[in-house]
Amino acid sequence: MNILKGDLLHYALTGQFDVIIHGCNCFCSMGAGIARLIRDTFPNAYQADLKTEMGDKEKLGAYSQARIEKNGNIFTIVNGYTQYDFSGQGVLVDYRAVQKLFARIKKHFANQKIGYPKIGAGLAKGDWEVISNIINKELQGEDHTLVELG
């Protein structure tokens with residue numbers, strides 16, 4: 001895992017990544033955190049989320065996606081379904097969903113430059129050490145980068 005400080009969306013818009021991934025809940029809200037920034041900045045990523053069934057637990061570990069063409073750069077936004085709900089007590093991220101998601105990312109986006117925030121470790125209250133180990137295992141051999149706010 002490479003680590004970069006800065007703004008994930010800025011890096012995507014300047015051609016740093018082919019794919020950016022963020023965690024979503026299964027209720028098509030994209031109402032907080034980086035999901036809200038993506039919803040507001042790239043409405044077609046939110047539209048891709050809205051095309052999925054609201055509240056469907058079967059989405060865990062799956063994703064929706066949107067192709068973005070802006071400022072002469074092309075990249076894909078992956079809305080990864082890593083948590084069922086968006087509120088409640090305790091850890092909201094589903095570690096098994098994270099594992100399934102990144103296994104799918106490896107299969108469908110191999111040999112591309114991949115960027116992501118600390119998926120599941122912010123509002124979803126997950127343990128970043130557990131999540132980063134999952135990501136490193138599933139994306140072994142890929143060019144993938146954690147972008148930390150900085």
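What follows draws every value from the coordinates through simple rules; no lab data is involved. Predicted, not measured: the structure shown is a model, and the values here were computed from it. Cβ coordinates were reconstructed from backbone atoms using ideal geometry, including for glycine residues, and neighbour counts include every protein chain displayed.
Neighbours of F75 by Cβ distance under 12 Å: Lys/Arg scored +1, Asp/Glu scored -1, total +1.
Using just the helices of the chain, give the 222 nm mean residue ellipticity in deg cm²/dmol: DSSP H runs with n ≥ 4 each add -39,500 (n - 2.57), and the total is spread over all residues, rounded to 500.
Values: 5 runs with 48 residues, N = 150.
About -9500 deg cm²/dmol.
Where (1) 16.3; (2) 15.0; (3) 19.5 are the candidate values, the label of the one calculated here for Kirkwood radius over Cα pairs in Å is (2).
The order of F102, F109, going from fewest to most other C-beta atoms within 10 Å of their C-beta, is F109, F102. Computed from backbone phi, the HN-Hα couplings of segment 114-131 come to 10, x, 7, x, 6, 4, x, 9, x, 4, 7, 6, x, 8, 4, 4, 5, 5 Hz, rounded to whole numbers (Karplus: 6.51 cos²θ - 1.76 cosθ + 1.60, θ = phi - 60°; Gly and Pro given as x).
Straight-line reach from K107: taking Cα to Cα under 12 Å and skipping same-chain neighbours fewer than 8 places apart, the aspartates and glutamates in range are E138, E142. As a proxy for reagent exposure, ranking T52, T41, T14 by other Cβ atoms within 10 Å from fewest up yields T14, T41, T52. Bridges between two residues of the chain, per DSSP, are antiparallel at a rate of about 40%. Bridging of K70 to lysines at a Cα separation below 20 Å is possible for K113, once same-chain residues fewer than 8 apart are set aside. Look at K59, K51 and count the other Cβ atoms within 10 Å of each Cβ; fewest to most, that gives K51, K59.
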